[in-house]
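Novice: One structure coming up, written as structure tokens, with questions to follow.
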Amino acid sequence: MNAVAALTKKDFETDQDVRWCPGCGDYAVLSQVQKLMPTLGIPRENFAFISGIGCSSRFPYYMETYGMHSIHGRAPAVASGLKLARPEMSVWVVTGDGDALAIGGNHFIHAMRRNIGLKIILLNNRIYGLTKGQYSPTSQMGMKTKTTPQGSIDRPFSPVAVALGAGATFVARTVDSDLAHMAGVLKRAAEHEGTAFVEVFQNCIVFNDGAYDAITDKSVRDDARVMLEHGKPLIYGKDRNKAIRLRGLEPEVVTLGEDGITEADVVHHDETAEHSGLAFFLSQFDAPKLPVPLGVFRAVKAPSYEDMNVRQHEDARERRGRGELASLFNSGDTWTID
Amino acid sequence: MSGLAEVVEAGLERRASPRPVEELDSVVIRFVGDSGDGMQLTGTGFSRAIAKAGHDFATHPDYPSEIRAPTGTLFGVSGYQIQFASRQVFTSGDAPDVLVAMNPAALKTNLSDVKPGGIIIANSGAFTDNNLAKAGYAISPLADGSLGAYRVYQIDISGLTAQALKDSGLSKKDIGRCKNFYALGLMLSLYSRPLEKEEEDIRQKFARKPEVAEANVLALRAGYAYADATEMFITSYRVRAAEIQKGTYRSLTGNHATALGFVAASELSGVPLFLGSYPITPATDILHELSALKHFNVTTFQAEDEIAGICSAIGAAYGGVLGMTTTSGPGMALKTEALGLAVMLELPLVIVNVQRGGPSTGLPTKIEQSDLLQAVYGRNGECPIPVIAANSPADCFDCAIEAFRIAVKYMTPVILLSDGGIGNAAEPWRIPDPASLPKLEVKFRTDPEGFQAYARDASLARPWVRPGTPGLEHRVGGLEKDFLTGNISHDPVNHQRMVEVRAAKVDGIAADMPPLQVEGPPEGDLLIVGWGSTYGSIVQAREQAVAEGCSVSHAHLRHLNPFPSDLGGILKRYRKVLVPEMNLGQLSRLLRERYLIDVAQLNKVQGRPFKVSEIHDRIIELCNEVSK
């Protein structure tokens with residue numbers, strides 16, 4: 001335990017040059033993750049970082065842990081195999097909007113459906129960076145890129161909504177420029193049992209600079225985002241007087257104190273709600289009509305896939321005894337030739 | 001009820017003064033009916049009885065890819081063929097001596113295979129106008145004299161089963177389902193096999209539905225009694241027990257044997273087994289078998305797709321367990337990119353391809369060997385992977401162990417080729433003593449001193465490290481890596497060095513194989529080189545040709561990449577080389593390319609195995625050419 005406690009951020013840095021563009025949002029995430037690791041009470045050798053392909057997927061090379069830079073979109077599948085084989089390992093997946101949501105969409109949803117103990121960090125920059133600037137499944141409609149010179153006609157989807165739709169038990173969103181918030185969210189993810197999904201709004205300085213300005217720029221962000229806190233009302237704004245009220249199933253922005261509106265009229269966040277309706281409802285919020293939620297959308301307890309797998313092994317052994325080759329070979333219908 | 005008891009009684013009395021018994025060397029029986037008729041159950045029941053009588057046997061299940069095609073149609077016919085003999089049996093037989101046809105469609109689709117003068121037992125009760133029309137018969141073949149070349153027995157199996165079970169309380173539909181056991185009873189009687197054991201098996205198999213079990217037993221007895229009591233069969237037949245090596249046996253399909261081999265590999269190495277797989281015909285049974293063995297160190301993971309199947313196995317292998325995946329041709333195509341990753345990572349991994357007819361969806365339930373070139377070459381980049389192939393159901397067991405032996409010793413993915421024929425076919429398996437199996441040595445690196453992720457041992461294998469080992473944290477990936485450290489390297493000279501060392505590592509496995517066994521003269525006129533499930537047909541064809549005075553030898557390749565190091569020398573000692581294979585010449589191509597010799601081809605892609613006669617005829621043709 002002493003050795004674990006003595007770890008520092010430095011222990012998680014590798015000797016490899018970090019090769020992201022200067023100013024890339026990925027640096028902030030890497031740094032926060034490296035800071036987080038020594039605080040988790042887990043020996044360094046019990047961490048593994050698995051990635052696919054894309055800018056974000058270089059991540060494992062920069063983490064002084066076990067790791068694999070696998071193939072495009074497949075990191076959740078690789079990580080699932082590792083987690084099942086070695087449930088005691090803390091297994092992290094670092095992915096991007098193309099890797100997780102386009103080519104790897106299938107693995108992404110099924111990992112969350114199973115609630116297998118992976119911590120999935122999706123660096124969403126709403127663009128393909130490594131291939132130099134094509135639109136992604138999260139790019140806004142109308143966005144002009146090299147493959148959409150007349151503007152994108154693809155309707156984007158929200159990674160948070162996809163995760164919730166797949167039944168994820170922990171879903172959160174943070175942003176690369178808010179280090180303290182990111183640290184808090186990542187810590188919660190690390191401590192969650194089962195799949196923890198964190199979307200990080202990440203700025204691509206070269207191909208999609210300013211994609212998140214509306215919610216990161218200090219002068220406007222407070223009116224464009226709402227911070228989710230469990231049990232707290234959805235109140236936001238520079239003057240902390242804007243709030244979300246429900247009219248039927250339709251959300252509307254109201255001003256506290258106007259027309260007699262008080263905190264009691266406002267939606268209160270409940271990340272532990274068994275039903276994911278509220279979380280899904282929040283996942284649909286987008287600026288400028290509604291504030292973009294940041295924080296933990298959903299955090300519910302459910303048995304993890306790997307635990308259930310271990311339990312089945314234990315049950316089988318209890319019921320049948322530890323398997324032995326001789327009896328396995330001789331089971332079924334045998335006959336002897338003398 | 002009492003009526004039936006009397007018939008059984010009468011049958012047993014007749015046993016005391018039996019019909020003449022004709023001794024036979026070997027018999028080939030084919031059961032054919034609707035895919036819902038239970039022909040596979042009848043066939044496996046019959047093979048069990050045969051095995052217990054001390055016969056060697058080989059089977060060939062042949063079923064449509066539809067779960068249950070419309071009844072009575074030609075494309076819905078399902079069959080099960082078994083050959084048993086008083087000598088060693090290598091194939092399920094070329095042509096049936098006996099065809100048990102449960103309906104007109106089954107008769108129509110199988111008649112041309114039956115030996116001239118063979119026996120046809122037709123379920124006359126199913127030869128209704130409706131069924132005849134579905135099979136395209138204007139007049140019943142049982143009535144128009146068209147079956148004159150055969151000995152035809154018309155038995156109303158449907159009607160007699162219904163009669164025997166009229167008091168059973170079962171519905172008409174359920175009674176209809178029992179007729180396959182009536183047919184089995186008939187055949188057990190005709191071939192002088194006792195009933196008791198089969199009754200036990202039925203009760204076990206239907207333990208959860210005792211009323212169905214009892215109905216099936218009744219149907220079985222009724223069929224047996226009918227054959228005994230009627231004057232229909234003038235003789236019954238007996239095949240003497242074969243000279244078989246002493247030991248305890250069980251009947252095993254290739255897929256089951258493959259599964260057992262993998263469990264054995266795990267137990268012999270003391271390393272857990274992980275199977276990541278997606279269901280696909282005809283490979284799924286391996287996943288079924290292993291899923292039921294959680295009391296061993298076996299984890300199975302039904303992945304979301306073929307790609308996740310192999311990728312999860314790669315993740316598990318990185319985690320320090322025996323990772324594997326099972327699939328068939330189309331799934332293999334999907335796994336291709338991940339195979340390349342496994343080559344780059346240099347992790348042990350076994351990929352089983354139970355081949356089927358291709359390309360694309362092809363013939364899912366039929367046999368073909370057409371994925372050999374895919375296994376050897378089918379990836380981007382210079383991407384060598386060892387390839388081995390099993391030659392019989394029982395050989396699948398040994399090959400599964402051999403695949404992991406190579407994988408862990410050389411830190412490499414290994415492709416194990418099986419096919420739908422041996423995967424689903426059963427043969428007797430002599431149960432080995434686990435203590436007699438080879439130990440599988442697995443070394444995990446634990447010493448951080450001087451650790452380099454890609455430093456190599458004498459076999460050119462890199463170290464295998466279990467995550468969780470302090471001081472050995474390292475990263476691997478699909479990008480080209482430095483020769484020693486495994487860090488990303490785009491250095492041109494390093495890349496060439498890595499490409500060459502990966503190739504040299506796989507080539508080096510050739511030095512680690514036993515000498516290639518050649519049956520027959522070590523040099524001479526003709527050498528047959530085979531691989532995979534053609535083994536049985538080649539052995540029997542060669543035996544026949546030798547008996548007729550041909551000088552012909554046979555080498556069967558288990559290792560297809562790399563080839564055994566003595567293969568080149570062996571090939572050059574014969575005037576001609578013949579390669580029979582169920583593709584258009586894939587091994588032929590590899591042999592020509594590797595050894596710069598020509599080979600004569602014999603190719604068949606009909607979704608069914610070679611007949612012995614087809615190979616035999618080609619041998620004779622070539623022998624005649626050589627001796628000219």
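Novice: Of the residues that sit in the stretch A:105-138 and are touching a strand residue (DSSP E or B) at 6+ places or on another chain (Cβ under 7 Å) and without any contact (Cβ under 8 Å) to a residue 60 or more places away in the chain, which one is farthest from A:Tyr212 (Cα to Cα)?
Specialist: Among those residues, the one meeting the criterion is A:Gln134.
Novice: Looking at (1) of a type outside the set (Phe, Trp, Tyr); (2) in contact (Cβ under 8 Å) with a residue 60 or more places away in the chain; (3) in a strand (DSSP E or B); (4) under 27 Å from B:Val539 (Cβ atoms), can you tell me which one B:Gly93 breaks?
Specialist: (3)
Novice: Let me ask another. Restricting to the stretch B:413-442, give me the number of residues that are away from chain A (no Cβ under 13 Å) and outside any loop (DSSP other than H, G, I, E, B).
Specialist: 13
Novice: Taking the options B:Val546, B:Val579, name whichever one is closer than 25 Å to B:His60 by Cβ and surrounded by fewer than 18 Cβ atoms within 10 Å (Cβ to Cβ).
Specialist: B:Val546
Novice: Continuing with the same structure: Only one of B:Asp398, B:Asp433, B:Asp419 is of a type in the set (Asp, Glu) and without any contact (Cβ under 8 Å) to a residue 12 or more places away in the chain. Can you tell me which?
Specialist: On the way: B:Asp398 fails: without any contact (Cβ under 8 Å) to a residue 12 or more places away in the chain; B:Asp419 fails: without any contact (Cβ under 8 Å) to a residue 12 or more places away in the chain.
Selected residue: B:Asp433, the only one of B:Asp398, B:Asp433, B:Asp419 that is of a type in the set (Asp, Glu) and without any contact (Cβ under 8 Å) to a residue 12 or more places away in the chain.
Novice: Scan the stretch B:119-133 for residues that are out of contact with any Ser or Thr (no Cβ under 9 Å at 6 or more places or on another chain) and surrounded by 19 or more Cβ atoms within 10 Å (Cβ to Cβ) and jot them down.
Specialist: If the condition is that a residue be out of contact with any Ser or Thr (no Cβ under 9 Å at 6 or more places or on another chain) and surrounded by 19 or more Cβ atoms within 10 Å (Cβ to Cβ), then B:Ile119, B:Ile120, B:Ile121, B:Ala122 are the ones that fit.
Novice: Now a separate question. Can you tell me which residue in the stretch A:33-75 is farthest from B:Ser277 (Cα to Cα), limited to those that are within 8 Å of chain B (Cβ to nearest Cβ) and assigned to a helix (DSSP H, G or I)?
Specialist: Looking at the filtered set, the residue picked out is A:Arg44.
Novice: So is A:Cys55 over 19 Å from A:Arg86 (Cβ atoms), touching a Leu at 6+ places or on another chain (Cβ under 8 Å) and in contact (Cβ under 8 Å) with a residue 12 or more places away in the chain or not?
Specialist: Against the criterion (over 19 Å from A:Arg86 (Cβ atoms), touching a Leu at 6+ places or on another chain (Cβ under 8 Å) and in contact (Cβ under 8 Å) with a residue 12 or more places away in the chain), A:Cys55 qualifies.
Novice: Please determine, by comparing only the residues of the stretch A:272-328 that are under 30 Å from A:Val254 (Cα atoms) and of a type in the set (Gly, Ala, Ser), which one is farthest from the chain's Cα centre (by Cα).
Specialist: A:Ala287
Novice: Would you confirm whether any residue within the stretch A:58-69 is surrounded by fewer than 24 Cβ atoms within 10 Å (Cβ to Cβ) and farther than 19 Å from B:Gly468 by Cα?
Specialist: yes
Novice: Let me confirm something: among A:Ala264, A:Ala316, which residue is within 14 Å of another protein chain (Cβ to nearest Cβ) and either crowded, with 18+ Cβ neighbours inside 10 Å or part of a helix (DSSP H, G or I) (or both)?
Specialist: Answer to the check: A:Ala316.
Novice: Taking the stretch B:144-155, which residues are more than 34 Å from the chain's Cα centre (by Cα) and surrounded by 13 or more Cβ atoms within 10 Å (Cβ to Cβ)?
Specialist: Across the stretch B:144-155, the qualifying residue is only B:Ser146.
Novice: Say whether the condition of being touching a His at 6+ places or on another chain (Cβ under 9 Å) and either surrounded by 24 or more Cβ atoms within 10 Å (Cβ to Cβ) or assigned by TED's automatic domain parsing to the domain that holds A:Ala189 (or both) is met by at least one residue in the stretch A:81-88.
Specialist: Quick first cut of the stretch A:81-88, residues touching a His at 6+ places or on another chain (Cβ under 9 Å) only: none.
The answer is no, given that none of the residues of the stretch A:81-88 is touching a His at 6+ places or on another chain (Cβ under 9 Å) and either surrounded by 24 or more Cβ atoms within 10 Å (Cβ to Cβ) or assigned by TED's automatic domain parsing to the domain that holds A:Ala189 (or both).
Novice: Restricting the stretch B:474-488 to residues that are assigned to a loop (DSSP other than H, G, I, E, B), out of contact with any helix residue (DSSP H, G or I) (no Cβ under 6 Å at 6 or more places or on another chain) and at the interface with another protein chain (Cβ under 10 Å from one of its Cβ atoms), which is surrounded by the fewest Cβ atoms within 10 Å (Cβ to Cβ)?
Specialist: Checked the stretch B:474-488; the qualifying residue surrounded by the fewest Cβ atoms within 10 Å (Cβ to Cβ) is B:Leu479.
Novice: Given B:Arg445, B:Arg497, B:Arg466, which one is assigned to a helix (DSSP H, G or I) and either within 27 Å of B:Phe262 (Cα to Cα) or not assigned by TED's automatic domain parsing to the domain that holds B:Ala541 (or both)?
Specialist: Exactly one residue qualifies, and that residue is B:Arg497.
Novice: Take the stretch B:556-570 and flag every residue that is crowded, with 19+ Cβ neighbours inside 10 Å and touching a helix residue (DSSP H, G or I) at 6+ places or on another chain (Cβ under 8 Å).
Specialist: Keep residues of the stretch B:556-570 that are crowded, with 19+ Cβ neighbours inside 10 Å, which gives B:556-564, B:567, B:570.
Selection gives B:His556, B:Leu557, B:Arg558, B:His559, B:Leu560, B:Asn561, B:Pro562, B:Phe563, B:Pro564, B:Leu567.
Novice: Considering only residues of the stretch A:81-93 that are in contact (Cβ under 8 Å) with a residue 60 or more places away in the chain and touching a strand residue (DSSP E or B) at 6+ places or on another chain (Cβ under 9 Å), which is nearest to the other protein chains (Cβ to nearest Cβ)?
Specialist: This residue is A:Leu84.
Novice: Condition first: within 11 Å of chain A (Cβ to nearest Cβ) and on the phi > 0 side of the Ramachandran plot. Now tell me which residues in the stretch B:244-297 satisfy that.
Specialist: Matches in the stretch B:244-297: B:Gly247 only.
Novice: Sticking with this structure for a sec: Sort out for me the helices (runs of 4 or more DSSP H) sitting completely within the stretch B:310-379 that have 3 or more residues that are out of contact with any Pro (no Cβ under 7 Å at 6 or more places or on another chain), of a type outside the set (Ser, Thr, Tyr) and within 10 Å of chain A (Cβ to nearest Cβ).
Specialist: Here the list reads B:336-345.
The values are calculated or read from the model by the stated rules, or taken from the named source; none is laboratory data. Please read these numbers as outputs of a predicted model, since none were measured by experiment. Virtual Cβ from ideal backbone geometry, glycine too; neighbours counted across all protein chains shown.
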